[in-house]
Amino acid sequence: MQIFITVLVSLGLALQAFSQSKTLSFESRGMKLQRDLMAEKAGPIWAMVFLPNGKILMTIKTGKLRSFDPIKRTFTEISVAPQVAVHGQGGLLDLALSPNFKRDRKVYLSYSKAVERGFTTALAVGVLDGKTLKELKEIFVAKGSTSKGEHFAGRIVIDTPNSLWLSVGDRGERDNAQNLSNHLGKILHLTADGKPHPDNPFLQRKDALPEIYSYGHRNPQGLIKHPVTGEIWSHEHGPRGGDEINIIKKGLNYGWPRATFGKEYWGPTIGQTFVEGMEPPLHQWTPSIGPCGMLAYSGSQFPAWKGLIISGALARTHVNLTEFKDKKMIAEEKLFEKESLRVREVEQGPEGELWYATDDGSLFRIRKI
């Protein structure tokens, strides 16, 4: 009997999240595609990344770190995740693998953290060893905090072994974004151990924090290194309208809250749409789509999607495809808009398939028929 109970407990920990496949056939840009529902009720998946063995490592906003086996369609708990403060929009946020992951097994995690005067965004690194994250070490804590529960951002990009990018939201207090004495409302450029990157623009300024690379951001929940140009791209939430896509450039001010296409939730305008000396967006969405998760498609499975920027949409509940030419948006497509599922994360699979996750805990895979 004890053995039987132990087996049941093990199966519970494995989180057998899915019983049978559900599929949907659809077309996009002349391609016949199939979407498979791979898991349900998995919890609020915030971010995911593919491991070399084909499994998906993912963060659950409530503080769990899990791996998913696409073949068995099962989840496994990874022990020793950071101690996160689950507060409003905060929790366990993004994750990224070291460029030398096959050798060093390092995983970087961002999360909301309780501090003396409220909550802020933090960054830690640990070593993945089977089902355990070992040697977990907090390497960066953003300066600036509020008791509010919004705009933690937390997206991570690692473009070289000693170059790491982290987005931090304004934490619901918009003037933070123009204040260089805190990290809120900024894109930060760090070394692998959480120190200011030597290429940063404000290293010699006493009135600015050395980790800051760009500022004037509201809540950047998309951050990527473009696979063709090598540029850092970001998207961020506007208030009521004015969601933006930006190419992040050294030392630039992206305007929030002085320059924005967004309006107050109760009606009036906030600032001007353009302010001299502030960088305008590459593209903006009004009304807001609530962009979250971001990739530039580089796979071979969907030739017609090559080079497209793919994002989730929380407010408009869809997968969003945008095409740019000469740094201008020339076409857009919205997938699954009528399903009313808040799309939190998108990820390109090792065979060029597209995966995405929704706030209700659904995990989908898209592949060519």
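The values are calculated or read from the model by the stated rules, or taken from the named source; none is laboratory data. The shown structure was predicted, so the numbers you read here are calculated from the model rather than taken from an experiment. Because the Cβ atoms are built from the backbone with ideal geometry, glycine has one as well, and the counts that use them run over all protein chains shown.
Restricting attention to the range 310-319, the residues that are in a loop (DSSP other than H, G, I, E, B) and among the aliphatic types (A, V, I, L, M) add up to 2.
Checked against (1) in contact (Cβ under 8 Å) with a residue 60 or more places away in the chain; (2) touching a Phe, Trp or Tyr at 6+ places or on another chain (Cβ under 7 Å), Gly352 passes all but a single condition, namely (1).
Pairing residues of the range 209-224 that are farther than 18 Å from Gly194 by Cα and at pLDDT 95 or above with residues that are in a loop (DSSP other than H, G, I, E, B) and among the polar types (S, T, N, Q), at Cβ distances under 6 Å and at least 6 apart in sequence or on separate chains, gives no pairs at all. Only one entry in Ala208, Ala192 is of a type in the set (A, V, I, L, M), closer than 23 Å to Leu136 by Cβ and surrounded by fewer than 21 Cβ atoms within 10 Å (Cβ to Cβ), namely Ala192. In summary, Tyr254 fulfils each of the numbered conditions (1) within 18 Å of Glu173 (Cα to Cα); (2) of a type in the set (Ser, Thr, Tyr); (3) in contact with a Lys or Arg (Cβ under 7 Å, 6 or more places away or on another chain) with the single exception of condition (3).
Every residue, every condition in (1) part of a loop (DSSP other than H, G, I, E, B); (2) under 23 Å from Gly290 (Cβ atoms), yes or no:
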site: His151; (1), (2): yes, yes
site: Trp165; (1), (2): no, yes
site: Leu184; (1), (2): yes, yes
site: Pro201; (1), (2): yes, no
site: Ile224; (1), (2): no, yes
site: Pro227; (1), (2): yes, no
site: Gly238; (1), (2): yes, yes
site: Ile245; (1), (2): no, yes
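Residue-level analysis places Arg35 outside the set of residues that are surrounded by fewer than 20 Cβ atoms within 10 Å (Cβ to Cβ), touching a helix residue (DSSP H, G or I) at 6+ places or on another chain (Cβ under 7 Å) and either more than 27 Å from Glu353 (Cβ to Cβ) or touching a residue at least 24 places away in the same chain (Cβ under 8 Å) (or both).
In the range 96-118, the qualifying residues are those that are surrounded by fewer than 23 Cβ atoms within 10 Å (Cβ to Cβ) and in contact with a Lys or Arg (Cβ under 8 Å, 6 or more places away or on another chain), and the one that is farthest from Gly54 (Cα to Cα) is Gly118. Taking first residues from the range 283-309 that are over 15 Å from Arg365 (Cα atoms) and part of a loop (DSSP other than H, G, I, E, B) and partners that are among the aromatic types (Phe, Trp, Tyr) and at pLDDT 95 or above, the Cβ contacts under 7 Å between residues at least 6 apart in sequence or on separate chains come to Thr286/Phe261; Lys306/Tyr297; Gly307/Tyr297; Leu308/Tyr297. Would you point out the residue of the range 324-364, among those that are among the charged types (D, E, K, R) and crowded, with 17+ Cβ neighbours inside 10 Å, that is nearest to Val49 (Cα to Cα)? Of everything passing the filter in the range 324-364, Glu347 is nearest to Val49 (Cα to Cα).
Among the numbered conditions (1) assigned to a loop (DSSP other than H, G, I, E, B); (2) more than 30 Å from Lys338 (Cα to Cα); (3) not polar (S, T, N, Q), the only one that Ile78 does not meet is (1). A Cβ distance below 8 Å, combined with a sequence gap of six or more or placement on separate chains, defines the contacts here; from the range 111-131, residues that are without any contact (Cβ under 8 Å) to a residue 24 or more places away in the chain reach residues that are among the acidic types (Asp, Glu) and in a strand (DSSP E or B) in the pairs Val127/Glu135.
Matching residues to (1) more than 13 Å from His283 (Cα to Cα); (2) polar (S, T, N, Q); (3) touching a Leu at 6+ places or on another chain (Cβ under 7 Å):
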| residue | (1), (2), (3) |
| --- | --- |
| Ser300 | yes, yes, no |
| Ala304 | yes, no, no |
| Leu308 | yes, no, yes |
| Ala313 | yes, no, no |
| Phe324 | no, no, no |
| Met329 | no, no, no |
| Lys334 | yes, no, no |
| Glu337 | yes, no, no |
| Arg342 | yes, no, yes |
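For the range 300-322, the set of residues classified as surrounded by fewer than 17 Cβ atoms within 10 Å (Cβ to Cβ), farther than 22 Å from Lys41 by Cα and not hydroxyl-bearing (Ser, Thr, Tyr) consists of Pro303, Ala304, Lys306, Gly307, listed by residue number.
Reported count of residues in the range 136-156, each being among the β-branched types (Val, Ile, Thr) and under 15 Å from the mean Cα position of the chain (by Cα), is 1.
Considering Phe274, Phe261, Phe202, the condition of being without any contact (Cβ under 8 Å) to a residue 60 or more places away in the chain and surrounded by fewer than 16 Cβ atoms within 10 Å (Cβ to Cβ) is satisfied by Phe274 alone. Of all residues in the range 58-78, those satisfying the criterion of being aliphatic (A, V, I, L, M), surrounded by 15 or more Cβ atoms within 10 Å (Cβ to Cβ) and over 19 Å from Gln221 (Cβ atoms) are Leu65, Ile78.
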